Every structure is written in structure tokens, then in C-alpha cells.
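Report on the following structure.
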Amino acid sequence: MKASPTRSIKPLCTGTLLATALALCLAALPAAAPAAPAQADPYIVVLKDDVAHPAVVAHRHEANRGARVGHIYATAIKGYSADLTPGEVKAIRQDPAVDYVERDGTGHVASQVSSLGFKRIFAPSNPALHIDEVDNLNDRINADIAILDTGVAFHKDLNIAGRTDCVTPVAGCSGEGTAVNGHGTHVAGIAAAIDNNLGVIGTAPGARIWGVKVLKDSGEFTEADVLAGINWVAEHSSQIEVVNMSFECIEGWSCSAQAMHEAVAATVEKGVVFVAAAGNRGSDASSTAPAYFPEVLAVASMTDFDGVPGGLGSPSCSNEGVDDFGQDDQLAGYSNFGSVVDIAAPGTCILSTW
């Protein structure tokens, strides 16, 4: 007996109906949202020493791998700063021209207690040292000091030879920038205020000051901008003799500092002396960059209220932070310390050019 045709067609119809219903259900589901674009973060790309033209590599990475290039470094180190996504970092690390890639770090000024009337260094009239409150051009210290800081304002008590800005430009250092923070101008006076009948007298009276703005007006900085400033110094190493860096970042926490360290070491090889604040966190400076770099002269802060030995002086400046000052003629309570510190100098109740 032949099977009924309807029995062979029915399962086929049922399967067709199920497939159609499933397709309609799937078509009714909302489409998946497109993946969010990868977040780009600031990085520093360090190239190998044998790269002849860092700018060429940087622009190649910009064209082929999506890097958004900022500063380009060609003297102190070879490399560039850029905003990169994780995928772009991975691709750039595979380039044989690349030594390493590190996240751009951050830091801030090594703040000091504001002064209301004390000189940093006790400097009475001293004919032998030509400290006599008379600005004799022949007595000015024949040296060039670069202040890597928040900028240096023009001041009648400072011998400013030049200024440049490594923060405002998208790339490199140019122009003069602003100096509204005051920290850099204050440091410049400590270093080299002119021996005249105005204000204070610096450690190297009348030395030529080069203001290199690497810190924002807020007092904060990125390693990328600091590297640009060090690179500028390296380019002018035939003229700049000393660099002051009164700022700090914590290695392994807010910065890596590997590129900064290599840039400083290379510039020291060119004959430039680097001086850095040990930091003002009241802790061991062994992880405070740039103070812990072996090539840097790290300076801690001591309390000296009266400019004479004996430990009998008492504070007469602002009451703010007095409990942190410590005793007269001792290490200041707020100062960093440790084996990386090379020298201590008066750093409490400072009167300077700001």
C-alpha cells in the first residue's frame, strides 16, 4: 500500500515553518551596538641609539600606525611622545627601531614654605666675595643656569638671558610662555639674584638665567614636557652649564622615569651639571625622580632661621606649616632624606624674587 503523500510533505512543511519563524525572530532582535573606540593614553616612545632621524620614524608611526605625535626628541634621547591606544602600543613595540615604550608620567613642583621675610642664605657684606650690594657687572658670576620649572618672569633682580616654553606648543620648545605660578621665578632668585641694593642675593649672584618652562601654571608636569626641556638643554649644552629641577615624581607610582633618567645621563655626558630637589614629602628619596638619579646632585632642605650656627633660632615667618619646620640648623621636618641625598641647604622661610 502506498504511503499517503500528505505524510511525506507534512514534516517538510513543519520544518519550513520553524525555520521561517526563527528567521523572523532573529530579524526582530536589535542590532549589536558598535564597539566603543579604544581609549588613547599618553606614552613616550624611545628609539634605539642608532636611529639617525627620530622625526622620520615618528611620522611613519603617525601615518602607518595611528600615533598622534607630540614632542620629538633627537638629542638627549631619541624618540617622541604620543597618544596611543593599546593596539597601537603593541604594533609600535614590534618596530625594530623602537627600544621601549612607557606610559607618560606626571609630577609636581617640590613646594617650599612661603617666606615672609627671611633670606635663604645669610649673606652679609663680604668684600672678599664681592658681596656689597653694588651691581658691578664684572662681579657677576660668569655661568649659565637653566631653570626647568614653571617659567621665569622678567625681574629687575634677575639676569635673564633667555626663555623658552616646552608646555604650550604642541611639539617642541618655542616662544617664552607664561610665568604666572611664581615657583620658577622664586627658584631663579635663589640661584642667581643679582648682588645689588634690591631684594636678595642669590647663590651665584648675577649668573645668566635661562627659563625653560616644563611645568604647567598649576605646578604639575608631564614627563613628555620635561623630556622636551632636557632635550632643549642638550641642544644648548655648549652654553648651559647647570640645570635646576625643583620638582618631583614617584617612580613606580606617578612616573616610570626611565626615559627622563636616560636623558639626564646623556646630557651630563655633554658636560652639564644637574641639581634637583630631594623632595618635600618627609620620606626616603630613593624613589623620588629626578633626585635619585646618580648623575644628579640631590639637595635636601634644612631649617636655618637666623643664618648662624647654634640651633637657637626660632621661626618668625608664616605660621603655616611651622610644626613641619623642625629645629633650627637641622634637616627640615618636611624634607626627603636618605642615601641618595648629596647635600642639604637652607630651605625654610625663603625670601626670593617672587
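The values are calculated or read from the model by the stated rules, or taken from the named source; none is laboratory data. Being a predicted model, the structure only gives us computed values, none of them experimental. As a convention, Cβ positions derive from the backbone with ideal geometry for all residues, glycine included, and neighbour counts pool all protein chains shown.
Couple of notes before you dig in:
- If the condition is being surrounded by fewer than 16 Cβ atoms within 10 Å (Cβ to Cβ) and either at pLDDT below 95 or under 15 Å from the mean Cα position of the chain (by Cα) (or both), then segment 287-305 contributes no residue at all.
- Whichever residue in segment 223-267 is out of contact with any strand residue (DSSP E or B) (no Cβ under 6 Å at 6 or more places or on another chain) and hydroxyl-bearing (Ser, Thr, Tyr) and, among such residues, is surrounded by the fewest Cβ atoms within 10 Å (Cβ to Cβ): Ser238
- Within segment 271-285, the set of residues being over 15 Å from the mean Cα position of the chain (by Cα) and under 26 Å from Asp144 (Cα atoms) comprises Gly271, Val272, Val273.
- All of Lys270, Lys213 fail the test of being touching a helix residue (DSSP H, G or I) at 6+ places or on another chain (Cβ under 9 Å), without any contact (Cβ under 8 Å) to a residue 40 or more places away in the chain and under 24 Å from Gly162 (Cα atoms), apart from Lys270.
- In the set (1) at negative phi; (2) in a strand (DSSP E or B); (3) at pLDDT below 95, Gly117 fails one condition alone, (1).
- Residue list for segment 162-209, restricted to those being in contact with a helix residue (DSSP H, G or I) (Cβ under 9 Å, 6 or more places away or on another chain), in a loop (DSSP other than H, G, I, E, B) and over 19 Å from Ser352 (Cβ atoms): Cys166, Val167, Pro169, Ala171, Gly172, Cys173
- Count of segment 73-88 residues which are in a strand (DSSP E or B) and small (Gly, Ala, Ser): 3
- Of Ala40, Ala33, all but one fail to be at pLDDT below 95 and within 27 Å of Phe221 (Cα to Cα); the exception is Ala40.
- Leading residue by the ranking (surrounded by the most Cβ atoms within 10 Å (Cβ to Cβ)) among those in segment 57-72 that are aliphatic (A, V, I, L, M) and assigned to a strand (DSSP E or B): Ile72
- When Asn142, Asn181, Asn159 are checked against the criterion of being surrounded by fewer than 16 Cβ atoms within 10 Å (Cβ to Cβ) and in the same structural domain as Val299 (by TED's automatic domain parsing), Asn142 stands alone in meeting it.
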